[in-house]
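Comments concern the structure below.
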Amino acid sequence: MTKFKWTLQRLLDVTRTREDALRHELAMLAGQIARFEQEIASRQATVKAALVEMAAIDLLGRLSRQETFMRCAGTVEKSVRLLAGKVAQIQTQREALAQKFRTLRESRKALERLREESLAKHNKTQSGLEQKQFDQTAHVAIARRVLAAR
């Protein structure tokens with residue numbers, strides 16, 4: 001029986017490699033998004049904690065600290081907006097990459113389906129050839145017995 005050799009095997013291998021690379025890149029982007037969102041939540045929690053602390057201070061103490069707090073809160077809010085912009089940018093990039101990944105995955109699945117069909121066809125052909133070989137061997141054996149009997 002001849003060994004099965006598919007002509008598109010290299011394309012399938014490259015497609016799998018590209019799919020793995022895209023999967024890894026998607027995971028990296030998801031990690032970046034999570035880190036930025038965690039940083040946003042951390043900065044917002046810091047501002048909320050400072051607000052709670054300010055609320056606990058008496059009016060005279062609060063007035064002296066309020067100007068500094070407002071400047072700091074504005075700076076933190078600005079940095080949160082920048083981080084949110086980065087998150088949105090990365091999410092857009094991730095969505096585009098996810099679409100590319102889905103297309104590549106469909107391509108890989110189609111190639112795998114073609115390979116399976118080709119393998120099944122090869123196995124069927126080889127089985128037919130083996131059956132012909134067995135039949136021919138049996139016919140030769142019968143012919144020899146008949147000749148030997150004469």
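Compute the acute angle (0 to 90°) between the alpha-carbon long axis of helix 9-56 and the principal axis of greatest extent of the alpha-carbon atoms of the chain; round to the nearest 10°. The two axes meet at around 20 degrees. The magnitude of the dipole of segment 9-113, with charges of +1 and -1 set on the Cβ of Lys/Arg and Asp/Glu and taken from the Cα centre, is near 420 debye. Subtracting the Cα-Cα distance of A30 and R144 from 0.36 nm times their residue separation leaves 33.6 nm of extension gain. Here each label is just a point 7 Å from Cα along the line to Cβ, and for S42 and T92 those points are 2.6 nm apart.
Checking every one of the GluC sites (Glu not before Pro) in segment 2-92 against DSSP loop status and a limit of 10 other Cβ atoms within 10 Å picks out no site at all. Give the share of C-alpha pairs in each 5 angstrom bin for segment 9-113, from 0 to the last occupied bin, in whole percents, shortest bins first. Using 5 Å bins, I get a P(r) of 2, 11, 15, 13, 10, 9, 8, 7, 6, 5, 4, 4, 2, 2, 1, 0 for segment 9-113.
Once the Cα atoms are used to define both axes, helix 59-149 deviates from the longest principal axis of the chain by about 0 degrees. Of the residues G61, G85, G74, the one that moves most in a GNM of the chain with alpha-carbon contacts below 10 Å is G61. Structural descriptor for segment 34-105: relative contact order 49 percent, calculated from alpha carbon pairs under 8 angstrom and at least 6 residues apart.
Per residue, the chain reaches -35000 deg cm²/dmol at 222 nm when only DSSP H runs of four or more residues are counted, each adding -39500 (n - 2.57).
Select from C72, Q93, Q32 the residue farthest towards the positive end of the dipole of the chain; place +1 on Cβ of Lys and Arg, -1 on Cβ of Asp and Glu, and compute about the Cα centre. Final value for the positive-end residue is Q93.
Read-outs: derived from the displayed coordinates by stated rules, not from any lab. Just so it is clear, the structure is predicted and the values come from calculations on it, not from any experiment. Using ideal geometry, Cβ is built from the backbone for each residue, glycine included, and neighbour counts are taken over all protein chains shown.
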